[in-house]
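The values are calculated or read from the model by the stated rules, or taken from the named source; none is laboratory data. Model, not experiment: these values are computed from the prediction. Using ideal geometry, Cβ is built from the backbone for each residue, glycine included, and neighbour counts are taken over all protein chains shown. Only protein heavy atoms, including side chains, enter the accessible area calculation; ligands, DNA and RNA are left aside. Shrake-Rupley method; radii C 1.70, N 1.55, O 1.52, S 1.80 Å.
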Amino acid sequence: AMEQRFVQSKNFSRSGSIIPGEVTDVTESVLLEEMGWLESDVQNGVATKPAAADGNELPHSPILLDVYATWCGPCKMVAPQLEAAAAELGPLCRVMKIDSDKYQRLASVLRIGGLPTLVYFDGGNVSKEVKRVEGALMKDGILDLVNECGSMAS
């Protein structure tokens, strides 16, 4: 079972760290690898922009990122909802969360204003933001967000 999960995550996740159907609490470096963003751009305070030559191909599954803080009450309320949504989404979406206090530079580059913030990124070689929602969403709201964004991308 462990080996099957590894094979699944290798095809699903660029870093091999993200497992279908689960929420992964990621580090900045894993998130950058999953999104295809360059460290040098983030260092300069900007998100990496897709190259015009990239075309419209979306070779990877989209990303749903929960930006949270450990002290944030609504963030704690969202966590089990996000896990339930991830279980239902399975391989359709890479679901990750990142601690905005631990990774303040990234929270700044992502222009995070309120917590929690859910940000949906397309599955391009260089991921770009499609939509964000600030505030607590329940499982159905999370699934609606992913479905709405997924239909916008296709």
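Structure notes:
- Residue satisfying all of: in the stretch 48-82; at pLDDT below 90 and of a type in the set (A, V, I, L, M); farthest from S108 (Cα to Cα) among these: A53
Residue-wise test of (1) among the charged types (D, E, K, R); (2) open to solvent by 80 Å² or more (accessible area, probe 1.4 Å); (3) at pLDDT below 95.
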{"residue": "K10", "(1), (2), (3)": "yes, yes, yes"}
{"residue": "E28", "(1), (2), (3)": "yes, no, no"}
{"residue": "L31", "(1), (2), (3)": "no, no, no"}
{"residue": "G36", "(1), (2), (3)": "no, no, yes"}
{"residue": "A84", "(1), (2), (3)": "no, no, no"}
{"residue": "K97", "(1), (2), (3)": "yes, no, no"}
{"residue": "K102", "(1), (2), (3)": "yes, yes, no"}
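- Among residues of the stretch 102-133, those that are in a loop (DSSP other than H, G, I, E, B) and in contact with a Phe, Trp or Tyr (Cβ under 8 Å, 6 or more places away or on another chain), counted: 5
- Residues that are farther than 14 Å from A86 by Cβ and surrounded by 15 or more Cβ atoms within 10 Å (Cβ to Cβ) were ranked within the stretch 142-152; the one that is modelled with the highest pLDDT is C149.
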